[in-house]
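Trainee: The structure's right below; bear with me while I get my questions together.
The values are calculated or read from the model by the stated rules, or taken from the named source; none is laboratory data. Since the structure is predicted, the reported quantities are computational estimates derived from the model, not experimental observations. Every residue, glycine as well, gets a Cβ built from its backbone with ideal geometry; the counts of neighbours run over all protein chains shown.
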Amino acid sequence: MNLFRIRGIQLAVHFSFFLLLAFAAQEGWQDDGWSGLLWGVGTLVAFFTCVVLHELGHSFTAMHFGIGVRRILLMPIGGMAEFDDIPRQPSRELLITLAGPAVNFLIVAVLWIAVGFPAGWPLSDFTADATGFAQLLLHWNLIMGCFNLVPVFPMDGGRILRALLATRMQYLRATFWAASVGKVLAVIGALGALFLFHTWLTAVLFAFIFYAGEMEYRAVRRREIEDAHWRAVLARAYAASLTPPPAEDPPVLAP
Ligand SMILES: [Zn+2]
């Protein structure tokens, strides 16, 4: 569902997002009636506003480099900005990717100055007032910023690692190594989740991360093959246009 546009970027929410909203409202209602409902919905909306700001960080930086951004899609698992074209210049990809977590750390800094750091972090108790609300947002933004820096696809950290590697090697090779690092970390994470914490749901999440790394590598490889194909076609066409017609061909005369 399309919501509104921000500097030309369409903000859209996935249908399942409303299920999450209904769930938060219901949980809040059961906890504490109307005020619980307001708190549940309010904190969820504030959280996803921060997700949108994170995506806008990526988007505005991309637009600064002349890359079009079609829309930002919000899903219960997070947000996603859809670019017209992924830049192949490592320095640009690095800046575009860093801008997302940078927004989260900026929010953390502003809230830290405004209301102070939550006591007992990361296991803080948040009071149901304005200070608690602000500290809860600080807590979430700190986690969102750090989590996104973990060097695995589809998180920003995977792209940051790829961009850093791409300054020293071919783009496809950099993607291969970045995806491989992500896959190894995903396997370690999945094993830890299964055998140390016995949470199969987290293991499923790591399986998804493993899969995302493989998909990213395949997408880049496919594009690389297509690009090489078109370069060859263009080179042939260019070479053909430079070749003079065979001498035995009679000159074409106008009637
Ligand atoms: Zn991001």
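Trainee: Name the single residue that is nearest to Gln170 (Cα to Cα) among those in region 47-94 being within 14 Å of the ligand (Cβ to nearest atom) and β-branched (Val, Ile, Thr).
Mentor: That would be Ile86.
Trainee: Next up: Considering only residues that are surrounded by 23 or more Cβ atoms within 10 Å (Cβ to Cβ), over 30 Å from Pro118 (Cα atoms) and touching a residue at least 60 places away in the same chain (Cβ under 8 Å), which ones fall in region 138-165?
Mentor: Those that are surrounded by 23 or more Cβ atoms within 10 Å (Cβ to Cβ), over 30 Å from Pro118 (Cα atoms) and touching a residue at least 60 places away in the same chain (Cβ under 8 Å): Phe153, Arg159, Arg162, Ala163.
Yes/no matrix, rows are residues, columns are (1) in contact (Cβ under 8 Å) with a residue 60 or more places away in the chain; (2) outside any helix (DSSP H, G or I):
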site: Leu21; (1), (2): no, no
site: Leu38; (1), (2): no, no
site: Val41; (1), (2): no, no
site: Leu53; (1), (2): no, no
site: Arg70; (1), (2): yes, yes
site: Leu98; (1), (2): yes, no
site: Ile107; (1), (2): no, no
site: Val110; (1), (2): no, no
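Trainee: Check region 76-85 and report whether any residue there is more than 13 Å from the chain's Cα centre (by Cα), part of a strand (DSSP E or B) and assigned by TED's automatic domain parsing to the domain that holds Thr127.
Mentor: Within region 76-85, none of the residues are more than 13 Å from the chain's Cα centre (by Cα), part of a strand (DSSP E or B) and assigned by TED's automatic domain parsing to the domain that holds Thr127.
Trainee: Continuing with the same structure: Please pick out the residue among Ala163, Ala186, Ala174 that is small (Gly, Ala, Ser), touching a helix residue (DSSP H, G or I) at 6+ places or on another chain (Cβ under 9 Å) and more than 26 Å from Ile225 (Cα to Cα).
Mentor: Selected residue: Ala186, the only one of Ala163, Ala186, Ala174 that is small (Gly, Ala, Ser), touching a helix residue (DSSP H, G or I) at 6+ places or on another chain (Cβ under 9 Å) and more than 26 Å from Ile225 (Cα to Cα).
Trainee: (1) surrounded by 15 or more Cβ atoms within 10 Å (Cβ to Cβ); (2) of a type in the set (Phe, Trp, Tyr); (3) under 30 Å from Ala228 (Cα atoms): which one isn't true of Phe206, the others all being true?
Mentor: Every listed condition holds for Phe206 apart from (3).
Trainee: Restricting attention to region 108-160, which residues are of a type in the set (A, V, I, L, M, F, W, C) and closer than 30 Å to Met215 by Cβ?
Mentor: Trp140, Leu142, Ile143, Met144, Cys146, Phe147, Leu149, Val150, Val152, Phe153, Met155, Ile160
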